[in-house]
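Below: the structure, in structure tokens.
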């Protein structure tokens, strides 16, 4: 995903900062009155995540595309460090009583035909949509109106998938396996570090061989106004992941909230989900306020935090001039991501990051098939541009 942080238009945008501050306070108050300190903390974590994601331009879509087509690996290496830092704390926590005497559950799921297809669809969709799950939220919050279309498609695709999940989940799959349970926290971390370390070194050597030096981060760094180097974003998001484990007793997730939002909108329009096999045991969740849902609060926080960061950077400048073709591609990408995320037990955050830091093999499976889909999606988009350039020569 390309960086949303362009050349600064002004040191900051006071009106936007006031509005984002008001929105943040409102979100925190709504979380508080929902009746749980944990919800309040979840909203606060989301706000911090939004600022970090925006200022560090921390996305998976552009990083994967740059690694494949430009042989630049800074974004990929930042993701590797994020996983390693989070795993170092998450592995010992999973299965323990946690800081607040609440058992912490990892995101461990089976991986089979449906999950592989879902991760592949998500990978293609993230290139079409222009961002992953976290990327869609922070760029939309930061003023990218095209990503609002992607988000709309994402929400719709998430709900549509729930109509078909009984079929998809009936397809063959490997059982859920956790390397933390199999090898213990220390052994699991050694295996994880060995795999990710090998990929880190390969990325570094590949970039050095092609360019002679590694890509440098921003020369001028400002904590408040941004931009941040990838290393700062990595540390900040590791904090988000660990804080989420401690506060919510589970890994960070994003896309379940999209499913809830879409179903509630459809329900308001007259849809009845009581007979849907996916929704029938989840009607209490569907009928509660979105402000009582911790994932929704974190997502709202990410968007508001990104809005604040964009205003602090002087970059909040949404435009409605979006070519129809781009709009349709964005919606298509969102639909694919939403549908794929439900098949694959989550997105790049919930399934890949959440799975790997839980020691679940489905996180690694998601990475493989998501990366393949991302590469194909990028090739589909890049080829017409290359042909147009040749035609102009």
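Read the figures in this text as sums done on the coordinates, not as results from a lab. The model shown is predicted, which means the values in this text are computed figures rather than measured ones. Every residue, glycine as well, gets a Cβ built from its backbone with ideal geometry; the counts of neighbours run over all protein chains shown.
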*Can you put 272, 293 in order, fewest other beta carbons within 10 Å first?*
272, 293
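Can you put 76, 117, 186 in order, fewest other beta carbons within 10 Å first? Walk me through the intermediate numbers first.
On the way: 76 23, 117 18, 186 11.
By the 10 Å Cβ count, ascending, the order reads 186, 117, 76.
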_At R0 = 25 Å, how high is the FRET efficiency between residue 320 and residue 265 if r is their beta carbon distance? Nearest 0.05 is fine._
0.70
*For residue 210 and residue 36 in one chain, what is 0.36 nm times their gap in residues minus the Cα-Cα distance, to one decimal in nm?*
57.4 nm
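Going by C-beta contacts inside 10 Å, put 210, 362, 220 in order with the fewest on the left. Don't skip to the end; give the middle numbers.
Working: 210 11, 362 30, 220 8.
Final ranking by Cβ density, sparse to dense: 220, 210, 362.
Rounded, prolate or oblate: which one fits segment 72-170, using the alpha carbon gyration tensor with axes a ≥ b ≥ c (rounded when a/c is under 1.5, else prolate when a/b beats b/c, else oblate)? Display every interim value, and only then the final one.
On the way: a/c = 1.80, a/b = 1.25, b/c = 1.44.
Judged from the Cα gyration tensor, segment 72-170 comes out oblate (a/c at least 1.5, b/c at or above a/b).
Ratio of alpha-carbon Rg to the 2.2 N^0.38 Å globular estimate for segment 14-383, to two decimals, please. Walk me through the numbers on the way to the answer.
On the way: Rg = 19.6 Å, N = 370, 2.2 N^0.38 = 20.8 Å.
Here the Cα radius of gyration is 0.94 times the empirical estimate.
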_Histogram of C-alpha separations across segment 265-350, 5 Å bin width, %_ = 3, 10, 10, 16, 22, 19, 11, 6, 2, 0
_At 1.002 mPa s and 20 °C, Stokes diffusion of segment 161-219 via Kirkwood alpha-carbon radius, µm² per second_ = 137
*Starting from the Cα of residue 68, step 7 Å along the direction of its Cβ; do the same at residue 376; then give the gap between the two resulting points in nm.*
1.0
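Expected output is a single nm value to one decimal: the length gained when fully extending between residue 25 and residue 170, i.e. 0.36 nm times separation in residues minus the C-alpha distance. What is it?
Details: separation 145, 0.36 × 145 = 52.20 nm, distance 4.43 nm.
Taking 0.36 nm per residue and subtracting the Cα distance, the gain is 47.8 nm.
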*Pick from 357, 331, 380: which residue has the top mean-square fluctuation in a GNM of the chain where Cα pairs under 10 Å get a spring?*
380
